[in-house]
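Quick notes on the structure that follows.
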Amino acid sequence: MLKSAPPKRGGALLVLGLETSCDETAAAVVEDGRRVLSDVVSSQAAFFSRYGGVVPELAGRNHAARILPVVRESLRLAGIVYGDLGGVAATYGPGLTGALLVGLNFGKALAAGLGVPFVGVNHLAAHLQAPLLGEDPPEPPFVGLLVSGGHTALYEVGPGEPGQDGLLRFRLLGETLDDAAGEAYDKVGRLLGIPYPAGAALDELARSFSGEAEPFTRPLPEGLDFSFSGLKTAAARRVAELEGEGRLEERRSAVAAGFQAAVVETLAEKALAACRKILLKKLVVGGGVAANRGLRELLSRRAAEEGIAVRFAPLEYAMDNAAMVAARGYFLLAAGTTSPPELEASACLELGAGDGR
Ligand SMILES: Nc1ncnc2c1ncn2[C@@H]1O[C@H](COP(=O)(O)OP(=O)(O)OP(=O)(O)O)[C@@H](O)[C@H]1O
Ligand SMILES: [Mg+2]
């Protein structure tokens, strides 16, 4: 633990964030946890679309080749030099071990060389920090809906202890019992011939459709949990039927629209149920699926009807990025938390298990 908060330059603390948990190599410079000075993302999505998903060994190699140019570019765009950094933060889990190790070890070495503090960041905490980037962030407590490629969960998000201003704390309320929403988008997208990652294109396809959508049952398991594997199987069955009838091309966007309606209605219903259950009138939404236009529209409308204020991650910070990592890292460092040099990558790290201490 730091004895005191890290030194500031010109009154502001600049933190370099690094993100390499999956297939995005990202670096960002954020001032005082709120103002994004630069945000560079080098995505391997096009590279992996030919494989239909991420190949862990190749992701690690690609990160290793890209990390230094990405970091240099983030400093150049921020208009700063290495010596201006007051701290370094890197994602240390959850994710692919070989991928995480690249950003984590780069960050630890860079911080040691610069003589500034280093902190490991929980990627899921960073996704729920993303909606707070920008003007007038909501104050905790609020409900956090995390919807990404690997996770779908609801949290009660509270403030830190006294002296830990801006540091969010998390308590799990419910989670998916099987597939994550983003994973379901990618799998159903694949059935419809959309390359990985399919979420954004499936969203577009669904929204372009105005006829009668294919009807799918809304998956609503008990309490605040989610389940998307049955919906995915139902979509696969329907696609096979339509293919057999020679009608898949004609009904492709009807399947997309029906699938999207089932997913976003489930997400909206559960998120608002969580707000009702713990008596909170504020909701934040982070993760790649938070970019979904259908979800943004439906949840905004339904939340407004119940007097609940909803805040989505800005589109540029919904999918993996390093600005959210730098922001979370700033609040950890400001609260006096640093990580030891022996911090290891943690592939299955959960939210609520802490950050890199
Ligand atoms: N507009 C959209 N609609 C639905 N899904 C989307 C949209 N845009 C992106 N996605 C999905 O978001 C996912 C990527 O999000 P993100 O980068 O947060 O996930 P991840 O980092 O792979 O997983 P995790 O954060 O759980 O480790 C992909 O599954 C992608 O298809
Ligand atoms: Mg992610």
- Message: On the basis of being under 20 Å from Leu298 (Cβ atoms), away from ligand 1 (no atom under 16 Å from the Cβ) and of a type in the set (Ser, Thr, Tyr), does Ser227 make the cut?
- Response: yes
- Message: When you check Glu214 against the structure, is it free of Cβ contacts under 8 Å to residues at least 40 places away in the same chain and part of a loop (DSSP other than H, G, I, E, B), yes or no?
- Response: no
- Leu280 part of a loop (DSSP other than H, G, I, E, B) and among the hydrophobic types (A, V, I, L, M, F, W, C): yes
- Query: Which one of these is free of Cβ contacts under 8 Å to residues at least 40 places away in the same chain and part of a helix (DSSP H, G or I): Gly103, Gly83?
  - Reply: Gly83
- Message: Condition first: of a type in the set (S, T, N, Q) and outside the structural domain of Asp32 (by TED's automatic domain parsing). Now tell me which residues in the stretch 112-154 satisfy that.
- Response: Ser148, Thr152
- Message: Kindly evaluate Gly134 against the criterion of being touching a residue at least 12 places away in the same chain (Cβ under 8 Å), in contact with a Pro (Cβ under 7 Å, 6 or more places away or on another chain) and farther than 30 Å from Asp225 by Cβ.
- Response: yes
- Item | Those residues of the stretch 120-156 which are assigned to a strand (DSSP E or B) and farther than 26 Å from Leu96 by Cα, in sequence order | Phe142, Val143, Glu156
- Note on the structure: Arg76 passes all but one of the listed conditions (1) crowded, with 18+ Cβ neighbours inside 10 Å; (2) more than 18 Å from Asp320 (Cβ to Cβ); (3) over 19 Å from the mean Cα position of the chain (by Cα); the exception is number (1)
- Task: Among the candidates Leu100, Leu177, Leu146, Leu114, single out the residue that is modelled with pLDDT of 95 or more, surrounded by fewer than 21 Cβ atoms within 10 Å (Cβ to Cβ) and within 16 Å of ligand 1 (Cβ to nearest atom).
- Result: Leu177
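The values are calculated or read from the model by the stated rules, or taken from the named source; none is laboratory data. Please read these numbers as outputs of a predicted model, since none were measured by experiment. Ideal geometry is used to build each Cβ from the backbone, glycine not excepted, and the neighbour counts take in all protein chains shown.
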